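**Student:** Dumping the structure here so I can ask a few things about it.
The values are calculated or read from the model by the stated rules, or taken from the named source; none is laboratory data. None of the values given here were measured: they were computed from a predicted structure. Note that we place each Cβ from the backbone using ideal geometry, even for glycine, and neighbour counts take in every protein chain shown.
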Amino acid sequence: MAYSEFLVERVRRSLHETHVGFGEKKMFGALCFFVDEKLCIGVSRENLLVRIDPENEEKYLREEDCRLMDDSGKSMRGFLLVSPEGIDMDDDLDKWIRRCLDFNPRAKGNRKSR
């Protein structure tokens, strides 16, 4: 199993509740959610991939149940993986999705889509 279908459904439900338009794309064994053609959130195995403001990265790493996204041996600033324990409650999942959506307007888009 490349990603949790259960978590994917939870993310879809949460995004629908925000009334934001989004798309989905399978990438690197994960299912990624795009808002305004920019990667915003993803589901990789049982983890939530979040794209947050890099300025908050250290704070979240200290305070939250997450880690740097570092699958290739090199981490990318502003991308974290939140463990299942960090999103077991819907309120926790919604909090992370709000953080991602708040940062999305300032996030850089894919060069190909510009």
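**Student:** If C40 satisfies every condition in (1) surrounded by fewer than 20 Cβ atoms within 10 Å (Cβ to Cβ); (2) not in a loop (DSSP other than H, G, I, E, B) but one, which is the exception?
**Tutor:** Single failed check for C40: (1).
**Student:** Next question. Of the residues that make up segment 46-53, is at least one among the polar types (S, T, N, Q), buried (at least 16 other Cβ atoms within 10 Å of the Cβ) and either under 12 Å from the mean Cα position of the chain (by Cα) or assigned to a loop (DSSP other than H, G, I, E, B) (or both)?
**Tutor:** Looking through segment 46-53, at least one residue is among the polar types (S, T, N, Q), buried (at least 16 other Cβ atoms within 10 Å of the Cβ) and either under 12 Å from the mean Cα position of the chain (by Cα) or assigned to a loop (DSSP other than H, G, I, E, B) (or both).
**Student:** Would you point out which residue out of V82, V20 is β-branched (V, I, T) and over 13 Å from the mean Cα position of the chain (by Cα)?
**Tutor:** Selected residue: V20, the only one of V82, V20 that is β-branched (V, I, T) and over 13 Å from the mean Cα position of the chain (by Cα).
**Student:** Quick check on this structure: which one of V8, V82 is under 16 Å from R99 (Cβ atoms), modelled with pLDDT of 95 or more and surrounded by 13 or more Cβ atoms within 10 Å (Cβ to Cβ)?
**Tutor:** Answer to the selection: V82.
**Student:** Another one. Yes or no: R13 outside any strand (DSSP E or B) and either touching a residue at least 12 places away in the same chain (Cβ under 8 Å) or surrounded by 19 or more Cβ atoms within 10 Å (Cβ to Cβ) (or both)?
**Tutor:** no
**Student:** I want to confirm something. Restricting to segment 66-79 and keeping residues that are surrounded by 17 or more Cβ atoms within 10 Å (Cβ to Cβ) and in contact with a Ser or Thr (Cβ under 9 Å, 6 or more places away or on another chain), which single residue is modelled with the lowest pLDDT?
**Tutor:** Among those that are surrounded by 17 or more Cβ atoms within 10 Å (Cβ to Cβ) and in contact with a Ser or Thr (Cβ under 9 Å, 6 or more places away or on another chain), it is M69.
**Student:** Right, something else. Can you confirm whether segment 52-65 contains a residue that is on the phi > 0 side of the Ramachandran plot and at pLDDT below 95?
**Tutor:** no
**Student:** When S44 is evaluated against the numbered criteria (1) in contact (Cβ under 8 Å) with a residue 40 or more places away in the chain; (2) more than 19 Å from S4 (Cβ to Cβ), which criterion, by number, is the only one it fails?
**Tutor:** (2)
**Student:** If I ask for residues that are of a type outside the set (V, I, T) and either part of a loop (DSSP other than H, G, I, E, B) or surrounded by 13 or more Cβ atoms within 10 Å (Cβ to Cβ) (or both), which ones from segment 16-26 would you list?
**Tutor:** H19, G21, F22, E24
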